[in-house]
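Working notes, structure below.
The values are calculated or read from the model by the stated rules, or taken from the named source; none is laboratory data. This structure is a prediction, so every number in the text was calculated from the model and none was measured. Methodologically, a virtual Cβ is constructed for each residue, glycine included, from the backbone with ideal geometry; neighbour enumeration extends over all protein chains shown. What goes into the accessible areas is simple: the full protein's heavy atoms, side chains included, and nothing from ligands, DNA or RNA. Shrake-Rupley method; radii C 1.70, N 1.55, O 1.52, S 1.80 Å.
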Amino acid sequence: MKLLLSWVLHAVALMGVAYLLPGVIVEGFWAALWAALILGLVNTIVKPVLLILTLPLTVLTLGLFYFVLNGLMFYWVGSILEGFQVNGFWWAVLAALLYSLFATFLSSILFQEKVRIERI
């Protein structure tokens, strides 16, 4: 159940990014659900391989290439999925940054862990 709720939250975050950025187009909530699913799969399967392959470049740029890699993944998903479009690489980099911020914010609100502090 938590996985399905997380998937819907990521779709809502994607809709928020599309609302704020004119370079990102999502044609409805179903397209956002599919895009969130594909983005999650790409980030789980493809991105770790690319991260290892581009590690020297990431170290050389002091980690800034990681943003480029996120933008490339976002742009790639926008180019293969119908109903989800990204109009340029820099839009993809900005959208990937906003998407991760929105998704983290929404997840932190919904999935708060109760912390209990006890004295010893």
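Here is how the numbers come out for the structure above:
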| item | result |
| --- | --- |
| All positions within segment 30-55 that are within 21 Å of LEU110 (Cβ to Cβ), open to solvent by 40 Å² or more (accessible area, probe 1.4 Å) and aliphatic (A, V, I, L, M) | LEU37 |
| Members of segment 16-39 found to be of a type in the set (A, V, I, L, M, F, W, C) and either assigned to a loop (DSSP other than H, G, I, E, B) or within 18 Å of GLY88 (Cα to Cα) (or both), listed by number | VAL17, ALA18, LEU20, LEU21, VAL24, ILE25, VAL26, ALA35, LEU39 |
| Test: residue in segment 21-29 that is open to solvent by 70 Å² or more (accessible area, probe 1.4 Å), touching a Phe, Trp or Tyr at 6+ places or on another chain (Cβ under 9 Å) and of a type outside the set (Ser, Thr, Tyr) | yes |
| Near pairs, Cβ below 8 angstrom, 6+ apart or cross-chain, from segment 35-50 (closer than 22 Å to ALA18 by Cβ) to any residue that is open to solvent by less than 40 Å² (accessible area, probe 1.4 Å) and among the aromatic types (Phe, Trp, Tyr) | ALA35/PHE84; LEU39/PHE74; LEU39/TYR99 |
| Scan of segment 80-120 for residues that are assigned to a helix (DSSP H, G or I), of a type in the set (S, T, N, Q) and in contact (Cβ under 8 Å) with a residue 60 or more places away in the chain, ordered by number | SER107 |
| Enumeration of residues in segment 84-120 that are among the small types (Gly, Ala, Ser) and either surrounded by 14 or more Cβ atoms within 10 Å (Cβ to Cβ) or modelled with pLDDT of 90 or more (or both) | GLY88, ALA92, ALA95, ALA96, SER100, ALA103, SER107 |
| Qualifying residue in segment 56-64 (condition: in contact (Cβ under 8 Å) with a residue 12 or more places away in the chain and either open to solvent by 90 Å² or more (accessible area, probe 1.4 Å) or touching a helix residue (DSSP H, G or I) at 6+ places or on another chain (Cβ under 9 Å) (or both)) | no |
